[in-house]
1. Which one of the conditions (1) within 16 Å of the ligand (Cβ to nearest atom); (2) open to solvent by 30 Å² or more (accessible area, probe 1.4 Å); (3) within 20 Å of the chain's Cα centre (by Cα) does ARG51 fail to meet, given that it meets all the rest?
2. Hey, PRO119 hits all of (1) within 22 Å of ILE59 (Cα to Cα); (2) in a loop (DSSP other than H, G, I, E, B) but one; which does it fall short on?
3. For the range 119-136, does any single residue satisfy the condition of being within 11 Å of the chain's Cα centre (by Cα), within 16 Å of ARG171 (Cβ to Cβ) and of a type in the set (S, T, N, Q)?
4. Report, by residue number, each residue of the range 173-184 that is of a type outside the set (Gly, Ala, Ser) and within 11 Å of the ligand (Cβ to nearest atom).
5. Let me spell it out: the conditions are (1) assigned to a helix (DSSP H, G or I); (2) open to solvent by less than 20 Å² (accessible area, probe 1.4 Å); (3) within 11 Å of the ligand (Cβ to nearest atom), and ALA170 meets all of them except one. Which number is the exception?
6. Does the range 134-153 include one or more residues that are more than 12 Å from the ligand (Cβ to nearest atom), open to solvent by 10 Å² or more (accessible area, probe 1.4 Å), out of contact with any His (no Cβ under 7 Å at 6 or more places or on another chain) and in a strand (DSSP E or B)?
7. Yes or no: the range 177-190 includes at least one residue that is of a type in the set (Asp, Glu) and outside any loop (DSSP other than H, G, I, E, B).
8. Could you tell me which of the residues ILE110, ILE201, ILE187 is more than 16 Å from the ligand (Cβ to nearest atom) and either touching a Phe, Trp or Tyr at 6+ places or on another chain (Cβ under 6 Å) or open to solvent by less than 40 Å² (accessible area, probe 1.4 Å) (or both)?
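The values are calculated or read from the model by the stated rules, or taken from the named source; none is laboratory data. It should be emphasised that the depicted structure is a prediction, and the values quoted were computed from it without experimental measurement. Glycine also receives a Cβ, built like all others from the backbone with ideal geometry; neighbour counts cover every protein chain displayed. The area values use the complete protein model at the heavy-atom level, side chains included, leaving out ligands, DNA and RNA. Shrake-Rupley method; radii C 1.70, N 1.55, O 1.52, S 1.80 Å.
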Amino acid sequence: MARLRLAVLISGRGTNLQSLIDACADTGYPAEIAIAISNNPDAPGLERAARADIPVRVIDHRPFPDRETFERSLDSALREAETELVCLAGFMRLLTPWFVERWRDRTINIHPSLLPAFPGLDTHARVLASGARISGCTVHFVRAGMDSGPIAVQAAVPVVEGDDEERLAARVLEAEHRCLPLAVRLIAEGRVRVAGDRCVIDGAGEPGATLVSPPPREGA
Ligand code: GAR
């Protein structure tokens, strides 16, 4: 069966890109990375793509006069690579409604919180300041609002006493590395349908155990 052609867009270290590289290394996985694109010429994640022999493009946003001209260049690169699904994996540029519409229901993003809670930057600091005892990550289809759109996959992780941003981020990141390849697999297998503001997932299976944080002692 033909594998779904992914374009993975990054701005930084690219550990989520790596999770897709690792998933795609399995010949039974239903997707492949057609191209990795970074808006940041110094993104360490570029090295990961090069090591995996994935075609790489750097499209630095800074010389472009506005967002849309930058996005037209991005759009050409995506088309040249015959992209079927765009994965924003730590891609730190807001996309205009023009791009979002052009790639509607063909663009997903990973965000390190349980959306719709805590969209935007400095997520973990805000989660910690809020006193929430559970955080997590979300893979969603992209709509024009920041970190908004139909939710495909989420994972919950506990916030632990004594956590700082770094510790919480590391725990959430581990969950991200499971969720992004899972979301891509579900989409590639045709099991995800976007219906208005929501995703409907076929054969989603049994839900896992309830996460209680802090964990109750026996007998509560
Ligand atoms: C990830 O935690 C991702 O969820 C976050 O940036 C990090 C990128 O890490 N994205 C956002 O905050 C988007 N709003 P990575 O470069 O190692 O994949």
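1. (3)
2. (1)
3. no
4. Result: LEU173, GLU174, GLU176, HIS177, CYS179, LEU180.
5. That leaves (2) as the condition not met.
6. Yes: one or more hits.
7. no
8. Of the residues listed, the single one that is more than 16 Å from the ligand (Cβ to nearest atom) and either touching a Phe, Trp or Tyr at 6+ places or on another chain (Cβ under 6 Å) or open to solvent by less than 40 Å² (accessible area, probe 1.4 Å) (or both) is ILE187.
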